[in-house]
Amino acid sequence: MQSFPRPPDKVLQRLAARHGTPLWVYDAAVLDARIAEWQRAFDGSDHRICYAVKANGTLAILQRFARAGLGFDVVSCGELARVERAGGAPGDTVFSGVGKRADEIDAALAAGIGSLNCESAPELELINARAGNARLTAPVALRVNPGVDAGTHRHIATGDHDDKFGIPLDEAASLARYAATLPGIALHGLAVHIGSQLTDLAPVSAALERTLALHDALTASGLRLTQLDAGGGLGVRYRDETPPSVADYAALLRRCIGERKLRLVVEPGRALVAEAGVLVARVELVKPGAQHAFVVVDAGMSELIRPALYDAWHPLEVIGMPGEAFSCEVVGPLCESGDVLGRARTLYAEAGDLVVVGCAGAYGSSMSSHYNARPRAAAVMLDGNDARVVRKRETIADLWRGETMS
């Protein structure tokens, strides 16, 4: 019995036989269902849904979102270029990030970016200067740091006092008033984002309350602000989490905004793609151990680094002949003790079986690497009865493409 969204056994077996493993498999039906869920939740309000490209920048996924009318949230000029390549509109795109380079600001302005979310006074000065050089006016939202603990993993929390992101609330008002005087800046709103994999709406509410109090103070002083970027980060269920529904999340944002005439921007990433993707790996061998067995598969932290980086838990299922389950760790082939896809599991597997890693559509492929000189895996998009390769498997020669020897 499948415990997470994934294609049927026979489909995955056929794809693995045809395209090899490790293999990313994305399900267009799940992507479309998530898009519809988000659009339905915010229907009737002035809003823009901007998919966070860092979650998964596969062109076929970006193209599907662009065709559905979504905007995008990018954090580099490379991500912006991927959005444009996939048919996304820069004017519907938010450029976030704490360390934008001058050339990235130039590229965003030249493309007609919808918003540059500014995170510091020095960055504001840089945006103003680059806009002046280009004889353009930069659309800017100030990202504030509300000093709220998101209650998530430390590495993906972004809204507390010690986090590198955003402008402290006690500095934001004066910086906003200063921004309004700069000739290269068109200040149109505020932005806030407190972290990823959020499973409790209370921190979101607290962050919005503080940000909107700042908004009210600024508008009372004469500034005209028309947009609130509420960020993203809504969590998904990997194991036993109970994240809020998209409908409840949207209702909270509406309540917080109240009667204010603001366009609401939201930046979901994981919540749109996590359940739409699985990683399929093949069991190479089962190795006995002192405390448990090791099921060694041909995928590891070079494909999916989340378990090693965040101690993240992903659901795992084996496609093969049934047998008596045993205690094991599902591990990859890389030369790292942290190369573990699943700890403390009870399952049956033998060499040649397929292991399916669930809820892997977010921060899997986008964080993959060439570590241990491993070519990146292929990716397939399932769309009804059609299975299309959307990323070719890299070859050994791809590992040194662009390098030279003396």
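The values are calculated or read from the model by the stated rules, or taken from the named source; none is laboratory data. This one's a predicted model, so the numbers in the text were calculated from it and none came from an experiment. Methodologically, a virtual Cβ is constructed for each residue, glycine included, from the backbone with ideal geometry; neighbour enumeration extends over all protein chains shown.
Looking at region 391-401, can you tell me whether even one residue there is in contact (Cβ under 8 Å) with a residue 40 or more places away in the chain and either β-branched (V, I, T) or closer than 19 Å to P5 by Cβ (or both)?
First, pick out the residues of region 391-401 that are in contact (Cβ under 8 Å) with a residue 40 or more places away in the chain: 391, 393.
After this cut, where a residue has to be either β-branched (V, I, T) or closer than 19 Å to P5 by Cβ (or both) as well, the list is none.
No; the residues of region 391-401 include none that is in contact (Cβ under 8 Å) with a residue 40 or more places away in the chain and either β-branched (V, I, T) or closer than 19 Å to P5 by Cβ (or both).
Read through the list (1) touching a Gly at 6+ places or on another chain (Cβ under 8 Å); (2) among the aliphatic types (A, V, I, L, M); (3) outside the structural domain of G233 (by TED's automatic domain parsing), then give the number of the only condition that L262 fails. Only one criterion in (1) touching a Gly at 6+ places or on another chain (Cβ under 8 Å); (2) among the aliphatic types (A, V, I, L, M); (3) outside the structural domain of G233 (by TED's automatic domain parsing) is unmet by L262, namely (3).
Please pick out the residue among A344, A387, A373, A397 that is of a type in the set (G, A, S) and either touching a Phe, Trp or Tyr at 6+ places or on another chain (Cβ under 6 Å) or assigned to a loop (DSSP other than H, G, I, E, B) (or both).
A373
Taking L272 as the residue in question, decide whether it is among the aliphatic types (A, V, I, L, M), within 16 Å of L142 (Cβ to Cβ), at pLDDT 95 or above and in a helix (DSSP H, G or I). Considered against the rule, which asks whether it is among the aliphatic types (A, V, I, L, M), within 16 Å of L142 (Cβ to Cβ), at pLDDT 95 or above and in a helix (DSSP H, G or I), L272 comes out as no. Can you tell me which residue is surrounded by the most Cβ atoms within 10 Å (Cβ to Cβ) among those in region 17-54 that are small (G, A, S) and under 22 Å from R374 (Cβ atoms)? Going through the qualifying residues, I end up with G20. Listed conditions (1) under 20 Å from L228 (Cβ atoms); (2) within 20 Å of the chain's Cα centre (by Cα); (3) part of a helix (DSSP H, G or I) are all met by L116, apart from (3). If you go through region 224-242 one residue at a time, do you hit one that is buried (at least 19 other Cβ atoms within 10 Å of the Cβ) and part of a helix (DSSP H, G or I)? The answer is no, given that none of the residues of region 224-242 is buried (at least 19 other Cβ atoms within 10 Å of the Cβ) and part of a helix (DSSP H, G or I).
State which residue is farthest from K392 (Cα to Cα) when the search covers only region 18-50 and only residues that are of a type in the set (S, T, Y) and outside any strand (DSSP E or B).
Of region 18-50, the ones of a type in the set (S, T, Y) are 21, 26, 45.
Of the ones still in play, those that are also outside any strand (DSSP E or B) are 21, 45.
Details: T21: 12, S45: 40 Å.
So the residue we want is S45.
In the list S327, S406, which residue meets the criterion of being among the polar types (S, T, N, Q), more than 27 Å from A271 (Cβ to Cβ), in a loop (DSSP other than H, G, I, E, B) and free of Cβ contacts under 8 Å to residues at least 60 places away in the same chain? Spell out how you get there, then give the answer.
On the way: S327 fails: in a loop (DSSP other than H, G, I, E, B).
Result: S406 is the single residue among S327, S406 that is among the polar types (S, T, N, Q), more than 27 Å from A271 (Cβ to Cβ), in a loop (DSSP other than H, G, I, E, B) and free of Cβ contacts under 8 Å to residues at least 60 places away in the same chain.
Within region 63-80, if we keep just the residues that are more than 12 Å from the chain's Cα centre (by Cα) and in a loop (DSSP other than H, G, I, E, B), the residue that is nearest to I105 (Cα to Cα) turns out to be S76. Pairs linking a residue in region 51-62 that is assigned by TED's automatic domain parsing to the domain that holds T93 and part of a loop (DSSP other than H, G, I, E, B) to a residue that is surrounded by fewer than 24 Cβ atoms within 10 Å (Cβ to Cβ) and basic (K, R), with Cβ atoms under 6 Å and 6 or more positions apart or on different chains, are G57/R82.
Residues in region 81-103 that are in a helix (DSSP H, G or I) and among the charged types (D, E, K, R): R82, E84, R85, D92, D103.
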